[in-house]
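Working notes, beginning with the structure itself.
The values are calculated or read from the model by the stated rules, or taken from the named source; none is laboratory data. The structure presented is a predicted model; accordingly, all values stated were derived computationally and were not measured. Here Cβ is always computed from backbone atoms with ideal geometry, including for glycine, and neighbour counts include all displayed protein chains. Protein only, heavy atoms only, side chains kept; ligands, DNA and RNA dropped before computing areas. Shrake-Rupley method; radii C 1.70, N 1.55, O 1.52, S 1.80 Å.
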Amino acid sequence: MASLPRIRTPDDVMCGICGQFNFGHQAPVRPERVRAMAASIAHRGPDDEGFHFDDSLGLGFRRL
C-alpha cells in the first residue's frame, strides 16, 4: 500500500528560535543544551541551523 503525501501544517512552515540566558548567576551556558533545544525543533526548519554563544547567553535557530 502506497503512503499518501504528508499534508503540511502551519507549524511546518515556520522557522524556530531557542536559547538560554543565565541572568541571575551569569554562569556560562552549556552549548550542548542549546544544541539539544535546536534539535528538538528541527521540524521547524530543516534547511539550516545556527548558534551564538557569549558567556551567559546561548541562542540557536532552525531555518527553512
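With every protein chain in place and a 1.4 angstrom probe, the accessible-area ranking of I17, I41, largest first, reads I17, I41.
Loop-located chymotrypsin sites (Phe, Trp or Tyr not before Pro) in region 9-60 (DSSP state other than H, G, I, E, B) with a sparse environment of at most 12 neighbouring Cβ atoms within 10 Å: F23. You can think of it this way: the chain between S56 and H43 has 2.0 nm of extra reach, that is 0.36 nm per residue less the Cα-Cα gap.
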